[in-house]
Each structure stands twice: as structure tokens, then as C-alpha cells.
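Scroll down for the structure; my scribbles are underneath it.
Nothing in this text is a laboratory measurement; each read-out follows from the coordinates by a stated rule. A quick note: this is a predicted structure, and the numbers were derived from the prediction, not measured. Ideal geometry is used to build each Cβ from the backbone, glycine not excepted, and the neighbour counts take in all protein chains shown.
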Amino acid sequence: MGIIKTKNVVFDYIRRNEEGDVEGITTAVKDVSMDIQEGDFIAILGHNGSGKSTLAKHFNAILYPTEGTVWVNGKDTTDDSKLWDIRQEAGMVFQNPDNQIIGQVVEEDVGFGPENMGIPTREIWERVEESLKAVGMYEYRKHSPNKLSGGQKQRVSIAGVIAMHPKCIILDEPTAMLDPNGRKEVIRAVRALNDVERVTVILITHYMEEIIYANKVFVMDAGEIAMEGTPREIFSQVEKLKQLRLEVPKVTLLAYELKKSGLDLPDGILTTKELADALEQKG
Amino acid sequence: MALILDHVTYEYGTGTELKVKALDDINLVIPDGQFIGLIGHTGSGKSTLVQHLNGLIKPTSGNIYYNGKDIHDEDFSKKELRSKVGLVFQYPEHQLFEIDVFSDVCFGPKNLGLDKKEVELRAYQALKQVGLEDEYFYQSPFDLSGGQKRRVAIAGVLAMKPEVLILDEPTAGLDPKGRDEILGLVSKLRKETGMTIILVSHSMDDVAEYVDRILVMNKGRLMFDDEPKKVFSHVEELESMGLAAPQVTYIMMELKKRGYPVDTNVITISEAAKEIKRVWASK
């Protein structure tokens, strides 16, 4: 069993009117089974309302399945006695950087998680230092979070999660509110965590370019897993992604357009280098 | 008619050690009917600039003229200005509040003191302009999808019949199809009504695809003001400001570096496909 495993997970939202009477039931997640191995870099794509955030909230026991089971590192998330272990092992980073920072000083904010876990003070400081170094924010440790850019705030949020020594980090559209530079900083930090620290990463995003380094991609639609494969396999299916309200990276799209007009190029080109290499082979 | 900014500077913390020039000597002429892209990293002064255009912020020094009149003259009606220069904020759906979609869109024109018939006519037209089907008119705006809510919020501004429409990152947080829909809508509005559009964006690819003119802000100064191709030829300067060129421009630069005689002055996918075919066809 992997670090996060879901089996036939269904989640129903019960909609109520103003009087509190049940108006209807919406099934946001339908029969999702996945098994994520330790050290994986997983990406989850899907249009607005496809159920990806609802699913992600099951990965650290913010939501519980209506049917089916979710295990985090072998622990059933509905087991109340394991709740704190689960939240420590699977940490979550959300979209809005301003909603996640509580400390007056960067290092205090990062220390908040381990402090709540009852870690001895000395070790808290060690963890704060290594976490801030891992995301490249150590030199800002004495700064006020208010004065940081969006990308820097998100990296502090990530450090706050890492300081709890999780096995898995779930990022729900962490770059949606950032400018191009901030987006790059955050993705670089996330990749380094996965490469160097071997932390399992689950990245939810609307930016196709951010996931070309993932080792597996799930595409959700109407609460179900509609596609599953490597980035290359997924991005080879340009038309299908369009039907699912998604797109492919610009490089992939350009290669696809060239291919359609008769230039014989391989499917699923993901980077500028790959495209240039493929064109070079043509002469 | 035109909006003119004459040596506009905006400072906060004036007279203290912490004095910051959020806008530094901006000179700008915005004629009727242009589609303008405004880019710059977070904190570069973009939002401060757009808030000057409809008089939400008063410059520390310098003047702003709308149709030849100084907007901060005592006899100038700010109320009228704000109906003529419509500003759609970031995440505008957070500002929806009425019990149904139609009433929400009526709110703006109602406050202009128009009679009920005219208010409803405008609301109806605005909702049609943003492509919302009649079946949603009497639903609660909170029951709509993210993309639909955003269109309702835009309709609320359109119902004021603005001559200039400013959109602050209208695609933030939307899925790829949602982004295309909003940008397609903006482009259609501009063609149909001839209104001036100012699009604040973090996506170089989007501005390259849609606008006629780009303004680049950095540290409160207007660094570039030119047509997209010319602006994006300054790749190094843009990168030093935390921005970038469109992705296809980098592809063309890579091909050029490898010795192919391609034009690097290419900013959209269709131009790039055409250019690569031209060069490779001759082989």
C-alpha cells in the first residue's frame, strides 16, 4: 500500500435551502481509486468544479468519504484517534497565501506546526531552519510576512508544512494568485522537495507547464478520473484535453499544430529543447 | 474620448522614512477603442495605476483628464466618471451579493438613478453580452459556476455602459477553457461596442494573443509602452523585471541559437507555426 490510497471513494454534498431542508445531493467525487507511492510527484488536473479539490481534502482528513475508504500511510482517515498523525503526515498548502500565514515573523509562522506537535524548543528551531532553507527563504526568517511577495508567502506556507516533517504534501492550486516569477519560485521549491527530500508531492493546478516533471498525472472530470498516465501520455491527447476544458503546454500545442499541417513530429513534446531536437532531426 | 495622464505621481508615507513612490511620473494617452494589456510583477504599481483611472485614488502630483476635463476638478462628477470608466476587480465574484443574478446586475444602473425600465433593459442587455442564458437570471448568483459568476460580475459593470472597461486579472483561478471564454468575451465586447479595454494580466501568452498595445510597469514607472512585438523583443529587460516573453518567442530564440534562420519576432502559436513551416519547407 502506498502513502495515500483511496478505494472506491464517493463524496456527496448535501445541499440545503435557507430553512435547512435538504434540497438535493451533489456527488462531487465518484468512485475514485488511486494508490500513490512514497516519493511520487503526482499532478491532478481538471476543470473548475471537476472535484479535484474535494478529493484532495480527503487526503488529510478535512473531508471524509461518504462511501469507500482513504488511507494515509496505512491509517484509515475516519479513525478519529489517528487524526493528528494523519494531519502531520499529509500537509496541505492552499491557494491564497494571505489566508495561511498567522505569525508576525516568518520563523514564528514556520514554527507554529511543530510547536503544536509538542516538539522540544531546540528541535523546533532546527526544523524551522532546515525548512526555510529547503524553500530558499532562510534569509527572510526575521521578516514580517506582510512585506513578502505572493510567491515568497507561499514558500513560507510550504516551509510551515515541511517543518512538521510530513511524508506527503498536497498543494491545491498554490500558484493561482501569483505572478510568473512567484509561480516559478514555488514550483522550483516543490520540485526540490520531491527530488532532494523525497517528499511525496500532490500538485493540483490549472497551469499545464507546471506538471511536465510529474511522474503521474490524473485528470478529473465530473468527480471521476477521466485520464491517467505520464505527462507525455496525457499531453499527447490534445483534443481529449480540450473536451475536458483543459489544454496542453504551449510547446506541445505548437508541435501539435505543426504536425497537423504535415510536419512529421513525435506526439507529446513537452519542452522547448525536445521540440528543437525533433526539428533538428528534420534537417 | 481619451484618458490622459500628465506627470502622475502617487506616494504613500510622504514625509516619513518609509516614503514609497507607487507611481513615478506616469505620462500616458489612452485613445478610444484600443485594447491595451497592462503587465508588471506583483507590487509594480499596476493596480495603483488603474485605480487612478476612475478616480478611486487621487495622485500626489500630476493630472488626469477624461474627455479633456481634469477628473479632480471640483465641478467634475466622479459618479459619472465611474460609470464611464468601469473597473472589474480581481475575483469580482466576491462582490456579488443580491438574491438573484438579475437584481445583482441591476444594482449599478439603479444607483445611477435611471428609471426601472431602463435599468432592467440594461441589465438584460449586459447579461446577453456576457453570454449568460435566460435560465440563470433568477437563480442565486452563488449557485453558479466560477466562470459564470465572473461573467455576472462583468455584466454588472457593463450595465453601467462604460466607455472604458478595465479588468484586473479577469482569468485568475479559472480553468484553461474558462480563461479562453473570458478573454474571448472581452475581445468580442471590444469588437461589438468599440469600447476601450485595459486588461491587467500575468499571462504574457494571453496579452500576446489579444491586445494592440502593451504597457509595462516596474517599480512604479512605465518602462515600455508599445505594440506587443516591440515590447516582447526586449526579452532581457523584461526578465530583469520579473516578467518574460511569450513561450513561443523562447522556442524561436532556441531555434535561432541552433542556427536556423527563423524570425524571433514571433509572439503567437499561429505565427510560430507559420514561421517554422516557412523555414522547414525550404529544406
Quick one: P(r) of region A:4-231 from all Cα-Cα pairs, 10 Å bins, percents rounded to integers, in order of increasing distance.
8, 32, 35, 19, 5, 0
Near residue B:274, which aspartates and glutamates are there with a Cα under 20 Å away, not counting those fewer than 8 places off in the same chain?
A:257, A:264, A:267, A:274, A:277, A:280, B:205, B:206, B:209, B:254, B:263
In the structure shown, of B:161/B:229; A:52/A:240; B:46/B:230; A:147/B:229; A:147/A:273, the pairs separated by more than 27 angstrom at the C-alpha atoms are B:161/B:229; A:147/B:229; A:147/A:273
Rounded to 5, the percent of DSSP beta bridges in chain A classed as antiparallel:
55 percent
What angle do you read, to the nearest 10 degrees and between 0 and 90, between the alpha-carbon axis of helix B:247-257 and the longest principal axis of chain B?
10 degrees
Quick check on chain B: take the gyration tensor over C-alpha atoms, sort the square-rooted eigenvalues as a ≥ b ≥ c, and tell me if it's rounded (a/c under 1.5), prolate or oblate.
oblate
Got a sec? Charge dipole of region A:4-231, +1 on Cβ for Lys and Arg, -1 for Asp and Glu; which of A:63, A:151, A:44 is way out at the positive end?
A:151
Neighbour counts of other C-beta atoms within 10 Å: give me B:264, A:200 arranged from fewest to most.
B:264, A:200
In terms of the Cα gyration tensor, with a ≥ b ≥ c the square roots of its eigenvalues, is the protein assembly as shown rounded because a/c is under 1.5, prolate because a/b exceeds b/c, or oblate?
rounded
Can you say what percent of the DSSP beta bridges in the protein assembly as shown, counting only those with both residues inside, are antiparallel? Round to 5.
55 percent
